[in-house]
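Worksheet: the structure to be examined is printed underneath.
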Amino acid sequence: MKVKATVLIDNYAFGSHGVFAQHGWAVFLETDQGNYLLDTGAGKIIVNNAQALGVDLDSILGIILSHHHHDHTGGLLEVLEHLRRPIPVYAHPGLFKDSFMRKDGEFRHSGIPFRREVLETKGACFDLDAAFREIAPGLWLTGAVPRTTSYELGEPRQVIRQEEGFIQDPLEEDLSVVIRTEGGLFVVLGCAHAGIVNTLRYAMERTGETRIHTVCGGTHLGLLGETQREESIRDLKALSIGCLGVSHCTGMQAALRMAQEFGERFVFCKVGAVFAG
Ligand SMILES: [Fe+2]
Ligand SMILES: [Fe+2]
């Protein structure tokens, strides 16, 4: 099918009038099977940015949450209050878990900043599933992505509390959107906590498609050290990727490395960037 993805929220904004940037991520997806919103940013700017970019938030058939982190879920309440109608919200069952970011010896809550009941009274109809699933013809959510590479090990500062103390959050709930287009798969990541290579390989395996038309979103590669960054870039280059658009938790240095390696196939995501397939 055909798809158009417009970046509504990202860490960077330039070239579009009336929008704000924030540490967060949200993408408006227009497809032959209807419109969807992937993630909602950290809060306070999604309705403004949608209006400034001329996309019709009211038209969405569902909200997809890539994972529970507040920079992806913090705008959910205002989207519900804007819509004022029941709306499916697709995510992994781990959406409401407690998690923390360890920074300078402090633990900051990093999960969804709302209680489920509050969101439900505002119209959220949660559809939570860990499986790879098709929510519309040709549009899949990966669900939990198997960790198959040796080097995509996640972020040690992201933790959950267990009886024995804090342990690294495996972030098993991280999911991505996969859309089949004529030119191959169109993949939109949240933060790729599961690993961008793991995610793409899983999408290819489950759909039987070997071409990646476009992959865009956060890669987390700027936060994970040089080994993971370089091994990921090496394995990404071995895939058939037509367009690689990165931002959010990618960081400038990792983005520049990928720009070097992918040349004209590289796009720097920012608020207002449009990807079509
Ligand atoms: Fe994020
Ligand atoms: Fe995240």
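The table that follows gives values for the structure above.
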read-out: Number of the exception - LEU37 against (1) under 17 Å from the mean Cα position of the chain (by Cα); (2) closer than 23 Å to THR121 by Cβ; (3) part of a helix (DSSP H, G or I); value: (3)
read-out: Among residues of segment 171-214, those that are away from ligand 2 (no atom under 16 Å from the Cβ), in a strand (DSSP E or B) and more than 13 Å from ILE241 (Cα to Cα), counted; value: 4
read-out: Filter result (of a type in the set (Phe, Trp, Tyr) and either crowded, with 24+ Cβ neighbours inside 10 Å or in contact with a strand residue (DSSP E or B) (Cβ under 6 Å, 6 or more places away or on another chain) (or both)) within segment 172-226; value: PHE186
read-out: Residues being surrounded by 24 or more Cβ atoms within 10 Å (Cβ to Cβ) and not aromatic (Phe, Trp, Tyr) - total across segment 1-28; value: 8
read-out: Test for GLY41: is it closer than 22 Å to HIS220 by Cβ and small (Gly, Ala, Ser); value: yes
read-out: Verdict on ALA50 being outside any strand (DSSP E or B), buried (at least 22 other Cβ atoms within 10 Å of the Cβ), on the phi < 0 side of the Ramachandran plot and away from ligand 1 (no atom under 12 Å from the Cβ); value: yes
read-out: All positions within segment 34-77 that are of a type in the set (D, E, K, R), closer than 30 Å to GLY195 by Cα and out of contact with any helix residue (DSSP H, G or I) (no Cβ under 6 Å at 6 or more places or on another chain); value: LYS44, ASP71
read-out: Within segment 89-114, tally of residues that are farther than 19 Å from LYS44 by Cβ and either in a loop (DSSP other than H, G, I, E, B) or in contact (Cβ under 8 Å) with a residue 24 or more places away in the chain (or both); value: 18
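Rule-based calculations on the coordinates, nothing more; no lab input. Because the structure is a prediction, the values reported are computed rather than measured. So basically every Cβ, Gly included, is an ideal-geometry build from the backbone, and we count neighbours across all protein chains shown.
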